[in-house]
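Heads up: the structure comes next, in structure tokens.
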Amino acid sequence: MLLSKANADIQTAKLLLSPIGNPTNDEQMTDLAAYHTQQGIEKVLKYVLHEGMGIDDTQRAYKTHNLFFLIDWIERESSFIVPDSLKEMADEITDWEAGSRYGESSLAEKNTIQAAIDIYEKLKISAVAYVNGTNKADDGGDGKRAEE
């Protein structure tokens with residue numbers, strides 16, 4: 001369920017970045033693309049927490065929109081490796097959640113949103129592999145992260 005919703009968010013973001021979805025190049029539409037990109041990434045991280053780590057989705061901490069917090073939680077408690085590119089952009093992407101809906105000015109450039117969408121695609125592949133147990137070689141099968 002989380003992955004299908006994440007995919008819908010990303011498809012919406014892609015449409016809002018396109019000439020078909022945003023023919024007048026409206027900044028408000030671009031902000032909505034940023035919002036949906038943040039939501040898609042957040043949902044993939046929560047997919048790892050819930051489906052891969054067994055975290056109860058009713059926990060208060062699970063309700064956060066802060067990507068940095070979710071990344072830290074995942075990396076402390078599991079062998080899942082979050083891409084460095086997402087860690088580097090986590091604070092900026094987190095700001096898109098509320099700022100894109102309530103902020104006065106445009107928050108993100110189209111190329112930055114597209115970079116986040118590219119990160120999403122890689123994150124989703126890794127998350128599915130992790131949940132399905134197909135990346136156990138990364139941690140030697142013992143749940144501990146290999147030395148980097």
Checklist line | segment 113-124 residues that are modelled with pLDDT of 95 or more, paired with ones that are basic (K, R) (beta carbon under 7 Å, 6 or more apart) | finding: I117/K14
Checklist line | segment 1-25 residues that are in contact (Cβ under 8 Å) with a residue 60 or more places away in the chain and under 16 Å from H50 (Cβ atoms), paired with ones that are among the β-branched types (V, I, T) and assigned to a helix (DSSP H, G or I) (beta carbon under 8 Å, 6 or more apart) | finding: L3/V44; L3/V128; A6/I41; A6/V44
Checklist line | Cβ-Cβ under 8 Å pairs, at least 6 apart or on other chains, segment 44-65 side at positive phi, far side outside any helix (DSSP H, G or I) | finding: none
Item checked: Residue that is farther than 16 Å from K124 by Cβ and in contact (Cβ under 8 Å) with a residue 60 or more places away in the chain, where the choices are E97, E88 -> E97
Note to self: Being under 12 Å from the mean Cα position of the chain (by Cα) and either at positive phi or crowded, with 16+ Cβ neighbours inside 10 Å (or both): is that true of A90 here?
What the structure shows: yes
Item checked: Residue in segment 25-46 that is in contact with a helix residue (DSSP H, G or I) (Cβ under 7 Å, 6 or more places away or on another chain), among the acidic types (D, E), crowded, with 16+ Cβ neighbours inside 10 Å and closer than 16 Å to N111 by Cα present -> yes
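The values are calculated or read from the model by the stated rules, or taken from the named source; none is laboratory data. All of these numbers come straight from a predicted model, not from anything done at the bench. Here Cβ is always computed from backbone atoms with ideal geometry, including for glycine, and neighbour counts include all displayed protein chains.
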